[in-house]
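Below you'll find the structure, written out as structure tokens, and then a few comments.
The values are calculated or read from the model by the stated rules, or taken from the named source; none is laboratory data. This one's a predicted model, so the numbers in the text were calculated from it and none came from an experiment. Cβ placement follows ideal geometry from the backbone for every residue including glycine, while neighbour counts extend to all protein chains displayed. Note: areas computed on protein heavy atoms with side chains; ligands, DNA, RNA excluded. Shrake-Rupley method; radii C 1.70, N 1.55, O 1.52, S 1.80 Å.
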Amino acid sequence: MVQRLEQALSLATLAAEQGADLVEYRIDTFTDPKRVVELVERSPLPCILTCRPTWEGGFYDGDEQTRISLFEHACMGVRKPAYLDVELAAFHRSANIKQKVKLVVDHPAQVRPTDTGLILSSHDFEKRPVDLYQRIEAMVADPACRVVKLAWQARSLRDNIEAFEVVSHQYKPTIALCMGEWGLPSRVLAKKFGALLTFATLDPPAGRAPEPTAPGQPTVTELKRLYRWDKIQPTTRVFGVVGHPVGHSLSPHIHNAGFDATGYDGVYLKLPIPPEYEHFKATLASWLDYKPLNFRGLSVTIPHKDNLLRFVTERSGEIEELTQRIGTANTLTVRDDGSLYASNTDYAAALDSVCEGMGIQREGLKGMRVAVLGAGGAARAIVAGFAHHGATVVIYNRTLERAQELASAFTSGGGKVVAARLEKLCDSCCQVFINCTPVGMHPNLDDTPMPTEMRGNSFRPGVVVFDTIYNPMTTRLLREASQAGCVTISGVEMFVRQAALQFELWTGREAPVDIFREVVRKRLLT
Ligand code: NAP
């Protein structure tokens, strides 16, 4: 959005430094023809010139003749814009506008020396336009149109599929983008489907929010570094994290870094799906059934972990045995033959974190006394895993009935599972304590699920204390346990290992766990 000439030129220089190939100047409110010519001539990157009127979501509220004569001027300089963006509606509304625009852009009947290409564009800030394909046809049919551009507000992740279709079946270079929180895949995967370009906003100065010119645009750094734009190609396999919300998920940072480190042809996206099963089912079905997407796997988080098992069951997929008993899954793998496999990498990650902390193999867990604090989703997976390997598990929970329910679900496992009141924790003689409550999690850094009066003599050298919380990396529980000489394990270990197991299931390659740890550490410290 150009406000002043020098400001626009310095932002364009920044865009070039951040990796942009082309810059779009929105001159909606910067309408002095001489200054616009200067802007184009001094631009550090080839440019798209756009003066978007209010009736198409922009800020220009002057008359059409003035706007068109601005374009004429802008294209008269020694250096011309690479592209001029004109709305399809404006182009078709007036023969005069059409004629004037045609005088300054390149097309088969053009006699003047110009290479400025015409982008005919159409935007809908509410929904997918009902006449989407008529609009495309009208753009394609006009000989002056070099690029077809469509952007509409996505109402769900399913809208992206149509954007991919539009881009794939192009007759002219095409841009089709979905706006809003559900539109990210259309922006990142534009290259996979052969779009001419995608838009990104500048990275803001530290502490400031990005200022996108359309809702849902990633920043240049997100696009280039996080989503690895330069590596995306038609064969790229697509993965993602499904949840609601997923905005703050660390998983895209981990898995994309893993793809980068191992040279794997994949990209991992944030995929928000509203909580209801019907949304989950409809979205996953459309993404799985759209074969050109090469959609190969998902991390699934709250509130969809139960939904994943139901979906895979309905689609006659396979569910890992213990995952079936746990009743929730966090990983979907789409095999080469298209069949589905659901598993829970949380319990395996927790088991491996503890075994490594103790320097033992899983067989060594047999007969060990393990205290689990909490009886929610994380506790369920962990109780199942330890009981399966023959440990005696005591579930301490604020609500005793919930602990009892959980215990009764896994008593027939391998080890013994019992429930106890939280107050009984002080009498515990367990060798391992695992916190599966959110007590002590950011921002409540001074809280602990085991204050002095509750832990009796539990904390002593040799005892293992594992906190599933990963933000902060070292909770008060872990600090106090470490001071008492216990072996401590952070939730970062479990988080990294559950991601590593997913990565290995999807790619068949060893996960670069040290890179995963470093990514998590950096993200949590910033
Ligand atoms: P959840 O299903 O909501 O269960 C939370 C449990 O904590 C419940 O049993 C609840 O007791 C108990 N609880 C909550 N607040 C409490 C309090 N103030 N005092 C005592 N008990 C309390 O949550 P979840 O999905 O299991 O997640 C729990 C923790 O696991 C989270 O902190 C999360 O960060 C962590 N986690 C970590 C990883 C990882 O990869 N590191 C993965 C998954 C989860 P009631 O039954 O009485 O309500």
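Quick one: residue 437 ticks every box in (1) away from the ligand (no atom under 14 Å from the Cβ); (2) in contact (Cβ under 8 Å) with a residue 40 or more places away in the chain except a single one, so which number is it?
In the conditions (1) away from the ligand (no atom under 14 Å from the Cβ); (2) in contact (Cβ under 8 Å) with a residue 40 or more places away in the chain, residue 437 misses (1) alone.
Of all the residues that make up the stretch 123-153, how many are crowded, with 18+ Cβ neighbours inside 10 Å and in contact (Cβ under 8 Å) with a residue 60 or more places away in the chain?
Result for the stretch 123-153: 6.
How about the stretch 127-173: which of its residues are of a type in the set (Asp, Glu) and within 13 Å of residue 183 (Cβ to Cβ)? Explain how you work it out, then say what you get.
First, pick out the residues of the stretch 127-173 that are of a type in the set (Asp, Glu): 131, 137, 142, 159, 162, 165.
Matches in the stretch 127-173: 159, 162.
Looking only at residues in the stretch 459-472 that are surrounded by 17 or more Cβ atoms within 10 Å (Cβ to Cβ) and assigned to a loop (DSSP other than H, G, I, E, B), which one is farthest from the ligand (Cβ to nearest atom)? So that I can check it myself, show each step before the final result.
Filtering the stretch 459-472 down to residues surrounded by 17 or more Cβ atoms within 10 Å (Cβ to Cβ) leaves 459, 463-472.
Filter once more, keeping what is assigned to a loop (DSSP other than H, G, I, E, B): 459, 463, 468-472.
Numbers: 459: 18, 463: 20, 468: 4, 469: 5, 470: 5, 471: 7, 472: 11 Å.
By that ranking, first place goes to 463.
List the residue pairs whose Cβ atoms are under 7 Å apart, where the first residue sits in the stretch 471-496 and is on the phi > 0 side of the Ramachandran plot, the second is more than 13 Å from the ligand (Cβ to nearest atom), and the two are 6 or more positions apart or on different chains.
Short answer, once both residue conditions are applied: 485/460; 485/461.
Residue-by-condition table, conditions (1) in a helix (DSSP H, G or I); (2) away from the ligand (no atom under 16 Å from the Cβ); (3) modelled with pLDDT of 95 or more; (4) not charged (D, E, K, R):
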{"residue": "396", "(1), (2), (3), (4)": "no, no, yes, yes"}
{"residue": "404", "(1), (2), (3), (4)": "yes, no, yes, yes"}
{"residue": "426", "(1), (2), (3), (4)": "yes, no, no, yes"}
{"residue": "447", "(1), (2), (3), (4)": "no, no, yes, no"}
{"residue": "457", "(1), (2), (3), (4)": "no, yes, no, yes"}
{"residue": "481", "(1), (2), (3), (4)": "yes, yes, yes, yes"}
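Regarding the stretch 367-382, can at least one residue be identified that is more than 32 Å from the chain's Cα centre (by Cα), of a type in the set (D, E, K, R), away from the ligand (no atom under 11 Å from the Cβ) and closer than 18 Å to residue 350 by Cβ?
Within the stretch 367-382, one or more residues are more than 32 Å from the chain's Cα centre (by Cα), of a type in the set (D, E, K, R), away from the ligand (no atom under 11 Å from the Cβ) and closer than 18 Å to residue 350 by Cβ.
Which pairs do you get when a residue that is within 16 Å of residue 253 (Cα to Cα) and away from the ligand (no atom under 16 Å from the Cβ), found in the stretch 497-518, comes within reach of a residue that is small (Gly, Ala, Ser) and open to solvent by 40 Å² or more (accessible area, probe 1.4 Å), reach meaning Cβ atoms under 9 angstrom, with the pair 6+ apart or on two chains?
Within 9 Å, the pairs are 512/261; 515/261.
Regarding the stretch 331-346, can at least one residue be identified that is part of a helix (DSSP H, G or I), closer than 30 Å to residue 456 by Cβ and open to solvent by less than 60 Å² (accessible area, probe 1.4 Å)?
As a first pass, look at the stretch 331-346 and keep what is part of a helix (DSSP H, G or I): 345-346.
Filter once more, keeping what is closer than 30 Å to residue 456 by Cβ: 346.
Subset that is open to solvent by less than 60 Å² (accessible area, probe 1.4 Å): 346.
Scanning the stretch 331-346, I find at least one residue that is part of a helix (DSSP H, G or I), closer than 30 Å to residue 456 by Cβ and open to solvent by less than 60 Å² (accessible area, probe 1.4 Å), so the answer is yes.
Every residue in the stretch 240-257 that is among the aliphatic types (A, V, I, L, M) and part of a strand (DSSP E or B), please. Full working, then the answer.
Step one: filter the stretch 240-257 for residues among the aliphatic types (A, V, I, L, M), giving 241-242, 246, 250, 254, 257.
Of everything in the stretch 240-257, those that are among the aliphatic types (A, V, I, L, M) and part of a strand (DSSP E or B) turn out to be 241, 242.
Right, residue 344: touching a strand residue (DSSP E or B) at 6+ places or on another chain (Cβ under 6 Å) and within 12 Å of the ligand (Cβ to nearest atom) or not?
Spelling it out, it is not the case that residue 344 is touching a strand residue (DSSP E or B) at 6+ places or on another chain (Cβ under 6 Å) and within 12 Å of the ligand (Cβ to nearest atom).
When you check residue 338 against the structure, is it without any contact (Cβ under 8 Å) to a residue 60 or more places away in the chain, under 28 Å from the mean Cα position of the chain (by Cα) and at positive phi, yes or no?
yes
If you check residue 348 against the conditions, is it over 30 Å from residue 231 (Cα atoms) and among the hydrophobic types (A, V, I, L, M, F, W, C)?
Taking the combined requirement at face value, the residue satisfies it.
Quick grid of which residues meet (1) among the aromatic types (Phe, Trp, Tyr); (2) in contact (Cβ under 8 Å) with a residue 24 or more places away in the chain:
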position	(1), (2)
200	no, yes
208	no, no
211	no, yes
218	no, yes
223	no, yes
226	no, yes
229	yes, yes
235	no, yes
240	no, yes
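Would you confirm whether or not the stretch 279-291 contains a residue that is in contact with a His (Cβ under 8 Å, 6 or more places away or on another chain), open to solvent by less than 10 Å² (accessible area, probe 1.4 Å), assigned to a helix (DSSP H, G or I) and at pLDDT 95 or above? Steps first, please.
Residues of the stretch 279-291 that are in contact with a His (Cβ under 8 Å, 6 or more places away or on another chain), as a first pass: 280.
Add one more test, that the residue is open to solvent by less than 10 Å² (accessible area, probe 1.4 Å), and what stays is 280.
Of the ones still in play, those that are also assigned to a helix (DSSP H, G or I) are 280.
Now narrow it down to the ones that are at pLDDT 95 or above: 280.
Yes.
Return only the number of the condition from (1) out of contact with any Leu (no Cβ under 9 Å at 6 or more places or on another chain); (2) closer than 29 Å to residue 87 by Cα; (3) outside any loop (DSSP other than H, G, I, E, B) that residue 225 does not satisfy.
(2)
For the stretch 48-74, how many residues meet the condition of being in contact with a Leu (Cβ under 7 Å, 6 or more places away or on another chain), within 19 Å of residue 112 (Cα to Cα) and touching a residue at least 40 places away in the same chain (Cβ under 8 Å)?
Matching residues across the stretch 48-74 total 1.
If residue 494 meets every condition in (1) within 19 Å of residue 359 (Cβ to Cβ); (2) more than 11 Å from the ligand (Cβ to nearest atom) apart from one, which number is that one?
(2)
Considering each of 376, 414, 390 in turn, give the residue that is at positive phi and either free of Cβ contacts under 8 Å to residues at least 40 places away in the same chain or surrounded by fewer than 18 Cβ atoms within 10 Å (Cβ to Cβ) (or both). Please lay out each step first, then the result.
Numbers: 376 fails: at positive phi; 414 fails: at positive phi.
Answer to the check: 390.
Restricting attention to the stretch 258-278, report how many residues are open to solvent by less than 50 Å² (accessible area, probe 1.4 Å) and either assigned to a loop (DSSP other than H, G, I, E, B) or aliphatic (A, V, I, L, M) (or both). Can you show your working first?
Within the stretch 258-278, the subset open to solvent by less than 50 Å² (accessible area, probe 1.4 Å) is 258-259, 262, 264-274, 277.
Narrowing the set further to residues that are either assigned to a loop (DSSP other than H, G, I, E, B) or aliphatic (A, V, I, L, M) (or both) leaves 264-265, 267, 269, 271, 273-274.
Matching residues across the stretch 258-278 total 7.
Looking for something in contact (Cβ under 8 Å) with a residue 60 or more places away in the chain and in contact with a His (Cβ under 9 Å, 6 or more places away or on another chain) - is there at least one such residue anywhere in the stretch 422-433?
For the stretch 422-433, residues in contact (Cβ under 8 Å) with a residue 60 or more places away in the chain and in contact with a His (Cβ under 9 Å, 6 or more places away or on another chain): absent.
Can you pull out every residue in the stretch 159-198 that is touching a residue at least 60 places away in the same chain (Cβ under 8 Å), over 18 Å from residue 291 (Cβ atoms) and open to solvent by 10 Å² or more (accessible area, probe 1.4 Å)?
If the condition is that a residue be touching a residue at least 60 places away in the same chain (Cβ under 8 Å), over 18 Å from residue 291 (Cβ atoms) and open to solvent by 10 Å² or more (accessible area, probe 1.4 Å), then 181, 182, 184, 197 are the ones that fit.
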